[in-house]
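Here's the structure we're looking at; comments come further down.
The values are calculated or read from the model by the stated rules, or taken from the named source; none is laboratory data. Computed from a predicted model, the values in this text were never measured in an experiment. Positions of Cβ are backbone-derived with ideal geometry, glycine not excepted, and every protein chain shown enters the neighbour counts.
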Amino acid sequence: MRPARLTLLPEVEAARLRTLDLTYPTGEVLPAGHRSFSRSAVIGQGRAAFEAAVEAVLHWRVQLHSGIAVAASEAAVELGSVARLRVPVGPLRLTAYCRVVEIVDEPDRGGFGYGTLPGHPESGKESFVVTIDSQEQVRLEITAFSRPASWYARLGGPVTDAAQDAMTERYLRALAAAARLPDAETARLRALDLTYPEVGGRPPGFWGYEMSGVIGRGRECFERAAAQVLAHEVFLRSGIGVASSRSTAELGSVLRVRIPVAFLRFTGFSRVVEVVDEPRRRGLAYGTLPGHPQSGREDLVVEIDEREVVRLHVTAFSRPVAWYARLGRPVARALQLRMARRFLHAIR
């Protein structure tokens, strides 16, 4: 999946989109023929978490952290803002146009809603609202109604619906913290052996890669990025669901991940086999456990150099274990490299 980023729309394109009419009836709560849904998830606790989540929503980060490239007329959402979205669906990228039709600005609710414009594969409206309740529990609520507007969306039928549901799951994970693994599952995973030989390097017969990219500059950036890696946020912001035995990774902590591939979800289990805690290098390494489709190890390390340039280094080796990973070995490798590229952009 191509790394998500926010860019500003060219003025000519923004002006053109602002002249277009919405592609759904605006006077009806649920227009005839439209499918509606509503989903929500807990994403934090406390007033500070609420304010940070609202700020993130109003800067397109739900979409960006879900792998959608956003080109918007304004970096911060405003009423009437228009945007061009590049939505990943498997190996494809679908273009979708929308306009912000609602801003929510209340003491305990904040967010926005956008409606579809001509060129969007769907017709409808979607809202992203952060709420905080009397117990200071913070939730992200996503509500929408839509129906297919393009021939390929109509042709897709149930597949299109499944892809929408999968994207909604990514939205809900975009601002969430890692879930807590149940105690029983934690104990079971800790009793398992790693599924690769620990030989001090890449074992024979394993395929490997290394990637690195600049993610910012300065000590504050370094500290923030390291904290995000150790809290598994690099996975969450790349669209991967995470449940961990510890909110911040420790040596020996275990986790379960849900890896999205198109509208499918593959489950993997791993254990933290190394924690790096040095003045200029911080991060961790995961090793695979039984039940993971691959056998191997992945290292995610944040580094700051003498010029205060901050980089994320991703190194890994693996070989397929599950039958579908062996059968689709070239595809699996391409997906691993694509996911590594997403990691490099997830915490920028």
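Brief remarks follow.
- Counting only strands (runs of 3 or more DSSP E) wholly contained in segment 3-80, the ones carrying 2 or more residues that are under 16 Å from Y97 (Cα atoms) occupy 6-8, 69-72.
- Hits in segment 183-208 - residues which are over 16 Å from V272 (Cα atoms) and either surrounded by 14 or more Cβ atoms within 10 Å (Cβ to Cβ) or outside the structural domain of S318 (by TED's automatic domain parsing) (or both): R202, P203, F206, W207, G208
- Within segment 28-54, being within 17 Å of S127 (Cβ to Cβ) and without any contact (Cβ under 8 Å) to a residue 12 or more places away in the chain holds for E28, V29.
- Tallying residues that are of a type in the set (V, I, T) and under 17 Å from the mean Cα position of the chain (by Cα) within segment 25-53 yields 2.
- A search for C-beta distances below 7 Å between a residue of segment 295-309 that is within 12 Å of V214 (Cα to Cα) and any residue that is crowded, with 20+ Cβ neighbours inside 10 Å and aromatic (F, W, Y), counting only pairs 6+ apart in sequence or on different chains, returns V302/F222; I304/F222.
- The residue that is surrounded by the fewest Cβ atoms within 10 Å (Cβ to Cβ), among those in segment 249-287 that are of a type in the set (S, T, N, Q) and part of a strand (DSSP E or B), is T267.
- Selection from segment 209-236 of residues that are of a type outside the set (F, W, Y) and assigned to a strand (DSSP E or B): E210, M211, S212, G213, V214, I215, G216, R217
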